[in-house]
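*Asks:* Structure incoming, see below.
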């Protein structure tokens, strides 16, 4: 398990041969978004962050499919669209590629929000299911240069996850129920894929800040 930020930066520097795509996977609340933001920030102008959350299905479509009450499960994302974007980013260096971003204030993805410019050497992406073995997700893994698994102590992860739901409008009892009924079944699936990661990073030991909403 890696707990030194310098090791991660050196590892990225060692990955040559074209544009590098680093994926950061992990359970809800583990610190993926914060770790990805730190890595992209530490690499400076040559890096850009492209979150998987931009491929949430729209709320209206989740309602139509009967999945609105478990948003965040693997079948509430456009995994094939995410795979296609990563495949394009990996090879398209002659023009800017635009990626969607998830707006947490409105709870919806917004198309064309993130510009991956030709000069971007490193693309950092994060999401729950980067290591999953079903559907389009093995193709997601194949498009990435490496995938790192972000781990944090379970008690702390759950505490932060509940507080995050409260911050975005859920009453405490509903926040806890959502974690137990939606987030934790997803977390069990995510943990099963941990062994496929290229390395495991110890979020707490890295000391890169408190987890953001992810």
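The values are calculated or read from the model by the stated rules, or taken from the named source; none is laboratory data. Quantities reported herein were computed from a predicted structural model and do not represent experimental measurements. A quick note on method: Cβ atoms are made from the backbone with ideal geometry, for glycine too, and the neighbour counts reach across all protein chains shown.
Listed here are the residues, each with its yes/no results for (1) under 20 Å from residue 182 (Cα atoms); (2) at pLDDT 95 or above.
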| residue | (1), (2) |
| --- | --- |
| 32 | yes, no |
| 51 | no, yes |
| 74 | yes, yes |
| 84 | no, yes |
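*Asks:* Which of the residues that make up region 105-133 are part of a loop (DSSP other than H, G, I, E, B), in contact (Cβ under 8 Å) with a residue 40 or more places away in the chain and over 14 Å from the mean Cα position of the chain (by Cα)?
*Replies:* 107, 117, 119, 120, 121, 133
*Asks:* What number of residues within region 170-214 are in a helix (DSSP H, G or I), over 15 Å from the mean Cα position of the chain (by Cα), within 20 Å of residue 2 (Cβ to Cβ) and at pLDDT 90 or above?
*Replies:* Matching residues across region 170-214 total 2.
*Asks:* Which of the residues that make up region 1-17 are more than 12 Å from residue 146 (Cβ to Cβ), in contact (Cβ under 8 Å) with a residue 40 or more places away in the chain and assigned to a helix (DSSP H, G or I)?
*Replies:* Scanning region 1-17 gives a single hit, 5.
*Asks:* Moving to a separate point now. Spot the failing condition for residue 73; the list is (1) crowded, with 18+ Cβ neighbours inside 10 Å; (2) under 27 Å from residue 188 (Cβ atoms); (3) in contact (Cβ under 8 Å) with a residue 24 or more places away in the chain, and only one is missed.
*Replies:* For residue 73, the failing item is (1).
*Asks:* Let me ask you something else. In this structure, does residue 47 turn out to be over 19 Å from the mean Cα position of the chain (by Cα) and modelled with pLDDT of 95 or more?
*Replies:* no
*Asks:* Find the residue count for region 1-33, including only residues that are surrounded by fewer than 24 Cβ atoms within 10 Å (Cβ to Cβ) and within 10 Å of the chain's Cα centre (by Cα).
*Replies:* Qualifying residue count for the region: 2.
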